[in-house]
Amino acid sequence: RVLRGEELEAAELEILVERKDGTRRNVLAHPQTLTGERGEIIGAINCLYDITGRKQNEEALRESEEQSRAMLNQTTVGIAHSDLKGRLVFSNKKLDEMLGYKEAELIGKSIHEITHPEDLNKTGKLFRHLAQKAEPFEVEKRYLRRDGSTLWGMVSAAPICDAAGKPRSAVAAILDISERKRAEQELLVTHRALRES
């Protein structure tokens with residue numbers, strides 16, 4: 001095909017070859033045409049680069065990512081991954097359910113968009129410290145669900161740092177504590193009523 005003057009797509013250049021001993025290797029072909037004095041194709045040179053190790057590493061990484069994704073989606077707490085500006089780049093199924101969103105609808109939203117207005121200041125300060133100084137934090141805060149209702153969450157957030165220790169993104173685990181907060185409020189009301197009687 002190269003000798004006919006065709007331009008090959010990148011995907012077509014990755015091929016599987018079988019060696020004399022029967023083993024197979026992934027290779028990247030790099031054919032180059034040779035042209036004569038008048039520009040006509042007179043031959044070709046083909047170099048094959050063995051990329052078997054790279055392909056094995058890519059497959060191992062893909063499998064590891066699939067396992068991690070499966071584990072994150074089976075947990076009983078919400079998991080969020082954001083950039084340092086607070087934009088969500090990942091949310092697991094549990095967090096989507098907790099906040100009333102369909103899968104992937106939270107991606108791209110800012111954590112500020114889903115935080116109760118009265119908790120924005122406190123959460124913002126903690127997140128800035130995480131982003132600037134790599135300080136993890138825990139906080140009880142309210143989230144705004146898609147339908148406008150409120151969900152109380154216990155948040156454990158930590159930075160994801162590069163090799164030099166500089167924060168690159170953040171991850172948080174969110175436990176729904178709405179029932180506990182309701183029970184605390186009812187207990188407070190009952191206690192107040194008893195004191196007044």
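The values are calculated or read from the model by the stated rules, or taken from the named source; none is laboratory data. Quick caveat, the model's predicted, so the values are computed rather than measured. Heads up, the Cβs are rebuilt from the backbone with ideal geometry, glycines too, and the neighbour counts pull from every protein chain shown. Quick note on the areas: whole protein, heavy atoms, side chains included, nothing else; ligands and nucleic acids left out. Shrake-Rupley method; radii C 1.70, N 1.55, O 1.52, S 1.80 Å.
The table that follows gives values for the structure above.
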{"quantity": "Close pairs (7 angstrom Cβ cut-off, 6 or more residues apart or separate chains): within 10 Å of GLY100 (Cβ to Cβ) in the stretch 140-151, assigned to a loop (DSSP other than H, G, I, E, B) and of a type in the set (Lys, Arg) anywhere", "calculated": "LEU151/ARG145"}
{"quantity": "Residue check for VAL155: touching an Asp or Glu at 6+ places or on another chain (Cβ under 7 Å), of a type outside the set (Ser, Thr, Tyr) and either farther than 12 Å from GLY78 by Cα or crowded, with 17+ Cβ neighbours inside 10 Å (or both)", "calculated": "yes"}
{"quantity": "Close pairs from the stretch 20-44: first closer than 14 Å to LEU3 by Cβ, partner among the hydroxyl-bearing types (Ser, Thr, Tyr) and not in a strand (DSSP E or B), Cβ under 9 Å, at least 6 apart", "calculated": "none"}
{"quantity": "Subset of the stretch 161-197 [free of Cβ contacts under 8 Å to residues at least 24 places away in the same chain and either in a strand (DSSP E or B) or of a type in the set (Val, Ile, Thr) (or both)]", "calculated": "VAL189, THR190"}
{"quantity": "Residue in the stretch 107-117 that is part of a helix (DSSP H, G or I) and of a type in the set (A, V, I, L, M, F, W, C) present", "calculated": "no"}
{"quantity": "Boolean, GLU97 is closer than 15 Å to LEU175 by Cα and open to solvent by 30 Å² or more (accessible area, probe 1.4 Å)", "calculated": "yes"}
{"quantity": "Close pairs (8 angstrom Cβ cut-off, 6 or more residues apart or separate chains): closer than 18 Å to ILE177 by Cβ in the stretch 92-104, open to solvent by 10 Å² or more (accessible area, probe 1.4 Å) and assigned to a helix (DSSP H, G or I) anywhere", "calculated": "ASN92/LEU72; ASN92/ASN73; LYS94/ASN73"}
